[in-house]
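Beneath this line is the structure, given in structure tokens, with notes to follow.
The values are calculated or read from the model by the stated rules, or taken from the named source; none is laboratory data. Source: prediction; values computed, not measured. For neighbour counting, all protein chains shown are included, and Cβ atoms are generated from backbone atoms with ideal geometry for every residue, glycine included.
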Amino acid sequence: MSAYADTAFIVSLFLLETTSGAARRAVLRLNGPLPLTPLALLELQNTFNLAIARNRITPADRDALWRQFETQIRTGFFAETAIPATELHVEARRL
């Protein structure tokens, strides 16, 4: 079984959340890159934009967070993983 992180987990690594400490501790136990789906990319971008709307961060903060995130993709912390949408939804319903 592969480990996948939902958007809330990923957000906890970038924004201060009540779950940030637990997320960071979980990351220390990873063996290899964390798969990242196209949906998670979209949701993360939307979450950063929502944080601006809620006055939690500024647009400049968002841009810096996104650059940090992209760096973590390039360095192999996250691995972009394509999953056909139909297969993804069938498996999600099964789970």
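Structure above, values below:
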item: Any hit, the range 28-35, residues being part of a helix (DSSP H, G or I) and surrounded by 14 or more Cβ atoms within 10 Å (Cβ to Cβ); result: no
item: Flag for Leu88 being modelled with pLDDT under 95 and either loosely packed, with under 11 Cβ neighbours inside 10 Å or in a loop (DSSP other than H, G, I, E, B) (or both); result: no
item: Qualifying residue in the range 52-63 (condition: under 16 Å from the mean Cα position of the chain (by Cα) and either surrounded by 13 or more Cβ atoms within 10 Å (Cβ to Cβ) or on the phi < 0 side of the Ramachandran plot (or both)); result: yes
item: Qualifying residue in the range 70-78 (condition: part of a helix (DSSP H, G or I), within 17 Å of Ala8 (Cβ to Cβ) and among the aliphatic types (A, V, I, L, M)); result: no
